[in-house]
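Report on one structure; see the data block that follows.
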Amino acid sequence: MIILEGADNSGKSTLGKKLAKKFHLPLVHSSRPKGNLLPLEILSHSNNQLKPSKTIQDRVYAISEYVYGHVIRGKTDLGAHHAIALEDLYSRDHLIIYCRPNLKTILKNVGREQMEGVIDNHPELVNEYDELMVDIGRYSNNKVVRYDYELDPINYVYERVADHLSKLYSQESSIHFLTRIKHA
């Protein structure tokens, strides 16, 4: 799985479309759980998003809810279960592309509708993302690649995605080969 993360107006959707076209992978936009769910039900939603798949995921709940929940509402919908959601994320080996142009670009918000509280708290959201992405890169099995669409050539991201997919396909081939030998 390839996860695109970053604050609103950081280029995730545009990058997601380019990656989906280049690598022939579905682009999945993260969704908030529907209805009045208990934190354990929301945790299940978060865990389901992180299951390995051949997709490009535009945000995952374990990351985005952590950032937006803390900054905008002072808590996450997962409550005390958010640590479990992050632990699940940290145990994975997904490629996370952190879309992070300069703060001035992110704060433009030209003609974009935003969730309540985003514009007023946009600098804090970016800071929270910066801190969390450093933490994920340092302490998890995931690989975090920072991408600034204004400075970094798109080929920089294409190469990282190709390397990640190559590793995944190699692991799948090894598992398939070992399974055939075991059942022969």
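The values are calculated or read from the model by the stated rules, or taken from the named source; none is laboratory data. Being a predicted model, the structure only gives us computed values, none of them experimental. Quick reminder, even Gly has a Cβ in these numbers, built from the backbone with ideal geometry, and neighbours come from all protein chains shown.
Residue under question is THR105, and the condition is that it be in contact (Cβ under 8 Å) with a residue 60 or more places away in the chain, surrounded by fewer than 20 Cβ atoms within 10 Å (Cβ to Cβ) and within 28 Å of LYS22 (Cα to Cα); does it hold?
yes
Given the structure, is ILE63 surrounded by 18 or more Cβ atoms within 10 Å (Cβ to Cβ) and in a helix (DSSP H, G or I)?
So ILE63 fits the description; yes.
From the list VAL134, VAL71, exactly one residue is in a helix (DSSP H, G or I), in contact (Cβ under 8 Å) with a residue 40 or more places away in the chain and either surrounded by 21 or more Cβ atoms within 10 Å (Cβ to Cβ) or on the phi < 0 side of the Ramachandran plot (or both). Which is it?
Unique residue meeting the criteria: VAL71.
Quick one: is SER53 part of a helix (DSSP H, G or I), closer than 18 Å to ASN141 by Cα, within 17 Å of the chain's Cα centre (by Cα) and modelled with pLDDT under 90?
It is false that SER53 is part of a helix (DSSP H, G or I), closer than 18 Å to ASN141 by Cα, within 17 Å of the chain's Cα centre (by Cα) and modelled with pLDDT under 90.
Quick one: which of TYR61, TYR129 is among the aromatic types (Phe, Trp, Tyr) and touching a residue at least 40 places away in the same chain (Cβ under 8 Å)?
Unique residue meeting the criteria: TYR129.
Just to be sure I understand, how many residues within the range 1-31 are free of Cβ contacts under 8 Å to residues at least 40 places away in the same chain and not small (Gly, Ala, Ser)?
Qualifying residue count, the range 1-31: 8.
If you check TYR147, TYR169, TYR158, TYR129, which single one turns out to be modelled with pLDDT under 95, aromatic (Phe, Trp, Tyr) and either closer than 18 Å to ILE2 by Cα or out of contact with any strand residue (DSSP E or B) (no Cβ under 6 Å at 6 or more places or on another chain) (or both)?
TYR169
Check off (1) buried (at least 16 other Cβ atoms within 10 Å of the Cβ); (2) closer than 19 Å to LYS143 by Cβ; (3) in contact (Cβ under 8 Å) with a residue 24 or more places away in the chain for SER91 and give me the number that stays unchecked.
(1)
Just to be sure I understand the filter: pairs with C-beta atoms under 8 Å, separated by 6 or more residues or on different chains, first member in the range 139-167 and more than 19 Å from ALA62 (Cβ to Cβ), second member of a type in the set (Gly, Ala, Ser) and surrounded by 13 or more Cβ atoms within 10 Å (Cβ to Cβ). Which pairs pass?
So the pair list comes out as TYR147/GLY11; TYR149/GLY11.
Could you check THR76 against (1) free of Cβ contacts under 8 Å to residues at least 60 places away in the same chain; (2) on the phi > 0 side of the Ramachandran plot; (3) not hydrophobic (A, V, I, L, M, F, W, C) and say which number it fails?
(2)
Across the range 3-43, which residue is modelled with the highest pLDDT among those that are surrounded by fewer than 21 Cβ atoms within 10 Å (Cβ to Cβ), among the hydroxyl-bearing types (Ser, Thr, Tyr) and part of a loop (DSSP other than H, G, I, E, B)?
Here the answer is SER30.
Taking the conditions exactly as written (surrounded by 15 or more Cβ atoms within 10 Å (Cβ to Cβ) and assigned to a strand (DSSP E or B)), does ILE97 satisfy them or not?
When the stated conditions are applied, ILE97 passes them.
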